[in-house]
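Have a look at the structure below, then the notes.
The numbers here are math on the coordinates, done by the rules we state, and not lab data. Since the model is a prediction, treat every value here as computed from it, not as a measurement. Cβ coordinates were reconstructed from backbone atoms using ideal geometry, including for glycine residues, and neighbour counts include every protein chain displayed.
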Protein chains: 4
Amino acid sequence: MMETPRLLINLKTYAQSSGERAVEIARQAERAWKETGVLIAVAPSLVDLRTVALGVEIPVYSQHVDPLDPGAHTGHVPAELVKEAGATGSLINHSERQVGLHHIGEAISKLRKLGLSSIVCAPTPGESAAVAALSPDAVAIEPPELIGTGIPVSKAKPGIVQDSLKAVVDVNPDVDLLCGAGITSGEDVAAAIRLGSYGVLVASAVAKSPRPYEKIRELTAPFVDLTRA
Amino acid sequence: MMETPRLLINLKTYAQSSGERAVEIARQAERAWKETGVLIAVAPSLVDLRTVALGVEIPVYSQHVDPLDPGAHTGHVPAELVKEAGATGSLINHSERQVGLHHIGEAISKLRKLGLSSIVCAPTPGESAAVAALSPDAVAIEPPELIGTGIPVSKAKPGIVQDSLKAVVDVNPDVDLLCGAGITSGEDVAAAIRLGSYGVLVASAVAKSPRPYEKIRELTAPFVDLTRA
Amino acid sequence: MMETPRLLINLKTYAQSSGERAVEIARQAERAWKETGVLIAVAPSLVDLRTVALGVEIPVYSQHVDPLDPGAHTGHVPAELVKEAGATGSLINHSERQVGLHHIGEAISKLRKLGLSSIVCAPTPGESAAVAALSPDAVAIEPPELIGTGIPVSKAKPGIVQDSLKAVVDVNPDVDLLCGAGITSGEDVAAAIRLGSYGVLVASAVAKSPRPYEKIRELTAPFVDLTRA
Amino acid sequence: MMETPRLLINLKTYAQSSGERAVEIARQAERAWKETGVLIAVAPSLVDLRTVALGVEIPVYSQHVDPLDPGAHTGHVPAELVKEAGATGSLINHSERQVGLHHIGEAISKLRKLGLSSIVCAPTPGESAAVAALSPDAVAIEPPELIGTGIPVSKAKPGIVQDSLKAVVDVNPDVDLLCGAGITSGEDVAAAIRLGSYGVLVASAVAKSPRPYEKIRELTAPFVDLTRA
């Protein structure tokens, strides 16, 4: 089974993190991983997926996947193509790309069969538990109202993280919990860890940073301490 | 809390079960309920909801609900309007009207706050468990490939019913399990009950029947026996 | 062919214009029509459609329609059911309920076959022309950024109305142009007429008014003058 | 302005035309273009877009584009990223990836601003005319019921091609008409040309062919004759 990353960097479709810049940020994440031993992954845009996957050794996730077999589907993203492009797994149901419950269930199954990892986003403890029942590799709890705000869920709504963790564990203790939305500093990451998060999901904090490498190092530092402890 | 119906008749948008015919079938369901004591509900089309709710005493469900507050929403179905129209609750995520995971979670919450019942459809044991984590009043397991076939899930795929029941109970024992798809006879209903279903969800078997009352009586009979046992 | 209304009141799903209140506003519109001779129509929520249609003689429009034949469709709104409920026609593609191009084309055809009227919303001159090519009865031009603002398109963006009118006429001169978004006063209506609108589409100005009848009279006044001129 | 291709090969997401195979087929198309002078383009899957664009000189189209600016959009395909990946333009509204009318209008505008070409699919003459009003570079008429059947629209429904051509020309004579669905042989292409098509859109005939180069040569032959005539 694929190991869940401690830090998953969603590059979204920012100009600052697309094309050549996507590969560059991924290389800096790879360097940070080699230096710290903390597993870091990136999720580039769909059109950057293959180039990034070719360029680095760290895990690369698709931002979206369609639970369709390869075939007569125009403009879609079957899991087989995600794998063929060199990805390690896929995000599913990000709040900016929500899908139906059945889509989530089928996508998790498809990815699992192909040996790929699934990380499903959910905005509430209840929906995190619902997703956990479908046995993805990880659930990423992201209250949409905090995405992109710089207000970390681990501070603004610590109860959501704790409740989600409890809800997920109750339903399926094998599912890792990532904490997302608003995480911009090492301090935010440390708070998320204290609340029980396995890892964190970040986007703009790294993708739009003038110095991505330094930011990645800052965000991974609390995991290094964790490992040493 | 609203009692979950043993027999829920989805009238869909068949010509044979719309308009005046919707009210008529609902009245026959009401008669069967009065005679047998088995709780029967109907889910008429959105435009028939109010008329049917006005015409009968049995529970009436909306076929769909949007988790939106009343307001500037054109062509939508807020739960408050469903309630105002006289409905008892709503189906959510029918395979013919699938919605996102967040939609399901929000709709259940909305209905609960308004004192309305929620019955969420799901096609697999895993998705039934996922839905159960969101605490609806009931889950209706309906493998889409059997809908409208006349091949009852309780016979074609008894394992799905049993697995769903187990999965739902594990996650949330307070959620009732309905068994849908392909149920057309009293025998099918009896099989569903033996597998652990609380009730059944039917559509064409009643909606397209030349003699709906007789069909309803046939489908409720196994529940009468159950009550007597 | 159905005559296009000069004033179409979209009741949306406001608490103030749902249920009994929907019927009441429709009756006040009917009274204004009888007194002025200006054709007024209302578009109540889906669950109020039949009750409103039963209660008044003026045209009643559905807020949405699905281009599906009656049948195994749960939670949908086939045109046949819209007709059976007593409606005169339907809005299509309101900015709050957007649909695919094919949906628009099929819905217009379906409504036409059933003798019902189609009024399709579009936000720009280009899209108004596109819609006109599908030969609906009318196009309602509504820049989404003005909806609900109280800033009338006829004042904020008079060029859009004129360009839309020209674009529609070039493609299909038989299609009426309604002007929507932000219209709240008789003055706004007069401006829309001067720009070449056949009629207007309003919502909150009437639906949320403490005195709907007076507001309706105010909004129809410019059409009375038009008729007399 | 970008020249519209005479032959546009949609590689969809077939296993036979993904990854390395996508590049290979694109190279064979490039070879046929060099040998015949007939402009050929390919539309690879989203994850293959950049690799194919890097590998060939012929035009490469995205299978889908989202009318969003680069930014906080997960799992989407902004036109800027399509351009950055090296594409020449994009298909829009393929019947397997239908989008709203507003999406079509905005996507065409976006592509045009970026100097990219837009080819919009439509299933009927009316919808072809509607699309033409939005001024894309080309409309591809594809009756969905013929897609993948091997029954060419130019034979099964020649009237649709002629009516579409007339409808498109009436609305906007600058828009090229491509004929798609069911085209598998040079004879089908010749029939499409006789009916007035500027070019053709094919998929499985090439993508699933054991000898794509020969098939491409066969399909381009009628255009060579056209040029010579």
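Points worth noting:
- Remark on region C:76-133: ratio of C-alpha radius of gyration to 2.2 N^0.38 Å is 1.10.
- Alpha carbon centroid spacing (whole Å) that separates region D:116-148 from region D:180-229: 18
- For A:Thr149, residues with placed amide H under 5 Å, excluding near neighbours: A:Gly182
- Across all Cα pairs in the protein assembly as shown, the calculated P(r) in 10 Å bins from zero up to the longest distance comes to 2, 12, 19, 21, 23, 16, 6, 1, 0 percent per bin.
- With its label point put 7 Å out from Cα toward Cβ, A:Ala15 sits 4.2, 4.4, 5.7 nm from the same residue's point in the other copies, in order from shortest.
- Of all aspartates and glutamates in the structure, those lying under 12 Å Cα to Cα from B:Lys166, and not within fewer than 8 positions of it along the same chain, are B:Asp176.
- Cβ-to-Cβ counts within 10 Å put A:Ile119, A:Ile58, C:Ile25, B:Ile193 in ascending order as B:Ile193, A:Ile58, C:Ile25, A:Ile119, the fewest first.
- Modelled FRET efficiency - R0 22 Å, D:Met2 with D:Lys155, Cβ distances, 0.05 increments: 0.15
- Distance to the A-onto-D rotation axis is smallest for one chain A Cβ; residue and value in angstrom are A:Leu46, 2.
- Fluctuation leader among C:Ala156, C:Ala167, C:Ala181 - chain C, Gaussian network, Cα springs under 10 angstrom: C:Ala156
- Counting from the shortest, the label point at A:Glu187, 7 Å from Cα toward Cβ, is 5.2, 7.2, 7.7 nm from the same position in each remaining copy.
- Placing unit charges on the Cβ atoms of the charged side chains and taking the dipole of chain A about its Cα centre, the candidate lying farthest along the positive direction among A:Ile92, A:Val38, A:Pro212 is A:Pro212.
- Placed amide H near D:Leu39: partners under 5 Å, 5+ positions off or other chain: D:Arg6
- For C:Lys83, the lysines whose Cα falls under 25 Å of its own Cα, not counting residues fewer than eight places away in the same chain, are B:Lys12, B:Lys83, B:Lys208, C:Lys12, C:Lys34, C:Lys110, C:Lys113.
- When chain C is treated as a GNM with alpha-carbon contacts under 10 Å, the residue of C:Val52, C:Val120, C:Val38 showing the greatest mean-square fluctuation is C:Val38.
- Percentage relative contact order, region A:7-228, counting C-alpha pairs under 8 Å, at least six apart: 19
- Distance in nm between pseudo-label sites at D:Leu54 and C:Glu35 (7 Å out along the Cβ direction from Cα): 7.3
- The alpha carbon gyration tensor of chain C gives principal lengths a ≥ b ≥ c with a/c of 1.5 or higher and a/b no greater than b/c, which makes the shape oblate.
- Dipole size of chain A about its Cα centre, with +1 on Lys/Arg Cβ and -1 on Asp/Glu Cβ: approximately 380 debye, rounded to the nearest 20.
- For C:Glu145, inter-copy label distances in nm, listed shortest first [label point 7 Å out on the Cα-Cβ vector]: 2.7, 4.3, 5.0
- Across peptide D:99-111, the average count of Cβ atoms from other chains found within 10 Å of a residue's Cβ is 5.
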